[in-house]
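> The structure is given below, and queries will be raised subsequently.
The values are calculated or read from the model by the stated rules, or taken from the named source; none is laboratory data. Keep in mind the model is a prediction, meaning the values are calculated, not measured. Cβ placement follows ideal geometry from the backbone for every residue including glycine, while neighbour counts extend to all protein chains displayed. Accessible surface areas use protein heavy atoms only, side chains included; no ligands, DNA or RNA. Shrake-Rupley method; radii C 1.70, N 1.55, O 1.52, S 1.80 Å.
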Amino acid sequence: MELSNWAPEHSDALREFIAKGMSFSEAAHAINSRFNTSYSRSAALGRARRLGLGPDDRQQPSMPTNPAELHEIAEPRPGNLKTPALPWPTAPVFKEIKPLKLRCIAIEPRHLSLIELERGDCRYPYGGDEEGEAITFCGHPRRPGSSYCTPHFHLSRDPIVPAERTVSTVSLRVVEEA
């Protein structure tokens, strides 16, 4: 929110325009064109209120604001509205959840720190589950096209999807026919 320090001549112009019966929007537009400013309708309205100009057009409450009598609050009111009683459970109902069976791989990680990792090392993380526990990485040679070694690559994929076929690294050579 930008602070608006109205110059005295701007305030005088606002008084003049409001006295002529202009709306706050029209007054703001006239001030902006005269002084090359950018006051909004809301800025003109707020300034006019702070200066005590114009009627206080805030809505008055439609209901009387007299405090309620104690007997009005405490006595039950007759009414036809009946809300069905909701059954309140005596004890929370919890369903037993079977622990997830984690997939494991038969590879012993090297537990390298992030700084110790080299370009072709597996980035599969270990640790960090507990507060302050160090995070280490697998560190075995990576699978081509992946950040993980082959066992961790397959571990991180959806087990329902069949494992992809192994791709051979045979290079093909284009031969021209004579």
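> Provide the net charge surrounding Arg47, with neighbours chosen by a C-beta distance below 12 Å and charges set as Lys +1, Arg +1, Asp -1, Glu -1.
Summing Lys and Arg as +1 and Asp and Glu as -1 gives +3.
> Test of understanding: what is the full-extension gain from Glu116 to Asp12, defined as 0.36 nm times their sequence separation minus their Cα-Cα distance?
Full-extension gain reported as 30.3 nm.
> Here is a further query. Per-residue accessible area for Arg34 at 1.4 Å probe radius, Å² rounded to 10?
120
> Please work out how much accessible surface Leu53 shows to a 1.4 Å probe, ignoring ligands, DNA and RNA, in Å² rounded to 10.
Counting only protein heavy atoms, Leu53 exposes about 40 Å² to solvent.
> What does the extension gain come out to for Phe94 and Leu155, with contour length at 0.36 nm per residue minus their alpha carbon separation?
Here the answer is 18.8 nm.
> Also: Between Glu131 and Asn32, with labels modelled 7 Å along Cα→Cβ, what's the label distance in nm to one decimal, could you check?
Computed distance between label sites Glu131 and Asn32 equals 5.4 nm.
> Another question about this same structure. With the crude spin-label approximation of a point 7 Å out along Cα→Cβ, what separation in nm comes out for Arg123 versus Ser23?
Output for this residue pair reads 5.9 nm.
> Would you mind getting the accessible area per residue of the stretch 1-50, heavy atoms of the protein chains only, 1.4 Å probe, in Å²?
67
> If you don't mind, there's one more thing I want to ask. Rank these residues by their accessible area, most exposed first, probe 1.4 Å: Asp129, Asp121.
My answer, sorted largest first, is Asp129, Asp121.
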